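The values are calculated or read from the model by the stated rules, or taken from the named source; none is laboratory data. These numbers come from a predicted model, not from an experiment. Quick reminder, even Gly has a Cβ in these numbers, built from the backbone with ideal geometry, and neighbours come from all protein chains shown.
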Amino acid sequence: MPPRKRERASARTRSSARSEQSQGRAAGSRSKGGPGKACAASLSATAAQEESDDDAAAATARPQETGTALSCVLKVYCTSVRPNFAQPWQMKRQQESTSSGFILRDEQIFPARGIIILTNAHSVAHSVTVRVRKHGSPVKHVAKVLHIGHECDVAVLVVEDPAFYDDLPEPLQLGHTARLQDPVTVVGYPTGGDNLSVTVGVVSRVDVQAYSHSSERFLTLQIDAAINAGNSGGPALKAGRCVGIAFETLDDAENIGYLIPAAVVARFLDDLRSHGEYTRWCSLGFSWQPVESPALRSHLKLGEGRSGVYVGEVYPTGAASGVLREGDVVLRLGGQPIADDGTVPFEPAAEVRGGASCRSQRVSFDALLLRHFVGDSIAAHVLRGGAERQGR
């Protein structure tokens, strides 16, 4: 049986759907390379900080009720012309698609109006025209793609038409990344109708997986709320705040949808605020394999009480070039111990909720790079020739 594939959750017109099928890709490679340097702190500390920041915000401003938050969700209409990579001298046939989006207040990214629209990158990729329609309004307003991050599948739209801002509701706020068993409400405009749709579920899995739009690995939330074509770009709400963005589903499976966590979205927006443009994501630049085999552990002289991942290849243009060597064992990054299977704790013990089911949550150490930028540095503890070394 062939492996199941993920598909992006944006709806296309019937004519265009016949000409091009959704090209979802299953999560696979554990390695991610490329130029740039990386910095990481404990993922647990990141989660704790997000929780603390969110609690502080809630103490000063009462979160929006879900009913009010629904008015912040827009329907996105996109006309696109994709390149023909097999025949690069011509373009493919024009296509139309619909998806979802929501408004967010940010005066740094769009000072002219202070309001931006978030949606998925795959929903507006290769766009010719983009229009948005507010909830309960028959008018479609022309929007512009201001920034697009294909790796993390997030895009920022802006509208210059003054009429769009008439009777605009209070924009949504980003919350902290939802955790296992947290209830979420997914809002959007899926196929099957023209009005707003609301589905309810819980976070059923937290993991690091490849996004189908880019095949890059990021933190991902799996939920059991229904996500269908057209839901892409719609917010997942908890207590009236956005804790994720709907973006893809799994073929041949029921009750499995995926969210881009609020932490990934926040990192994307922080990049735009800090640098004025999208500077992409950082990577360590080496391939690795687990060291769970007793024979391999003995060969590497790991001994008791040590764990980490084996460095299989260091990419010449990667951040680890000149620091790591093939055959090293990476024990810790940014002070965070790495297990033999390449995972790190997702939540600090002090913040665990729900007993052992939450305490056992672990994700790939790739997630340690979540909130850091190209050019930062990271402390790495490695085992080389049986001796521990530290580098940056």
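Scanning region 109-131 for residues that are closer than 21 Å to P162 by Cβ and more than 21 Å from the chain's Cα centre (by Cα) yields F110, P111, A112, R113, G114, I115, T129, V130, R131.
So which of A225, A263, A239, A253 is among the aliphatic types (A, V, I, L, M), touching a residue at least 60 places away in the same chain (Cβ under 8 Å) and touching a Ser or Thr at 6+ places or on another chain (Cβ under 6 Å)?
A263 is the lone residue from the list that is among the aliphatic types (A, V, I, L, M), touching a residue at least 60 places away in the same chain (Cβ under 8 Å) and touching a Ser or Thr at 6+ places or on another chain (Cβ under 6 Å).
Residue selection: G201 satisfies the criterion of being more than 29 Å from E277 (Cβ to Cβ), touching a strand residue (DSSP E or B) at 6+ places or on another chain (Cβ under 8 Å) and small (G, A, S).
Tell me, which residue of region 208-234 that is out of contact with any helix residue (DSSP H, G or I) (no Cβ under 9 Å at 6 or more places or on another chain) and of a type in the set (D, E, K, R) is modelled with the highest pLDDT? That would be D224. Restricting attention to region 219-278, the residues being under 15 Å from D153 (Cα atoms), surrounded by fewer than 24 Cβ atoms within 10 Å (Cβ to Cβ) and of a type in the set (D, E) number 1.
You will find that of T220, T185, T199, the residue that is outside any loop (DSSP other than H, G, I, E, B), in contact with an Asp or Glu (Cβ under 7 Å, 6 or more places away or on another chain) and not assigned by the TED database to the domain that holds G101 is T220 and no other.
The single residue among S232, S214 that is in contact with a Cys (Cβ under 8 Å, 6 or more places away or on another chain), part of a loop (DSSP other than H, G, I, E, B), hydroxyl-bearing (S, T, Y) and not assigned by the TED database to the domain that holds V382 turns out to be S214. Just checking, does region 280-287 include any residue being within 26 Å of L383 (Cβ to Cβ) and outside any loop (DSSP other than H, G, I, E, B)? Yes, region 280-287 has at least one match.
Quick check on my filter: what residues within region 83-123 are part of a strand (DSSP E or B) and aromatic (F, W, Y)? The answer is F102, and nothing else. Note down all Cβ pairs under 8 Å where the first residue falls in region 124-143 and is assigned by the TED database to the domain that holds Q95 and assigned to a helix (DSSP H, G or I), the second is polar (S, T, N, Q) and surrounded by fewer than 18 Cβ atoms within 10 Å (Cβ to Cβ), and they're at least six residues apart or on different chains. Matching pairs, first to second residue: none at all.
Whether any residue in region 161-174 is part of a strand (DSSP E or B), touching a helix residue (DSSP H, G or I) at 6+ places or on another chain (Cβ under 9 Å) and surrounded by fewer than 21 Cβ atoms within 10 Å (Cβ to Cβ) is what I want to check. No, every residue in region 161-174 fails to be part of a strand (DSSP E or B), touching a helix residue (DSSP H, G or I) at 6+ places or on another chain (Cβ under 9 Å) and surrounded by fewer than 21 Cβ atoms within 10 Å (Cβ to Cβ).
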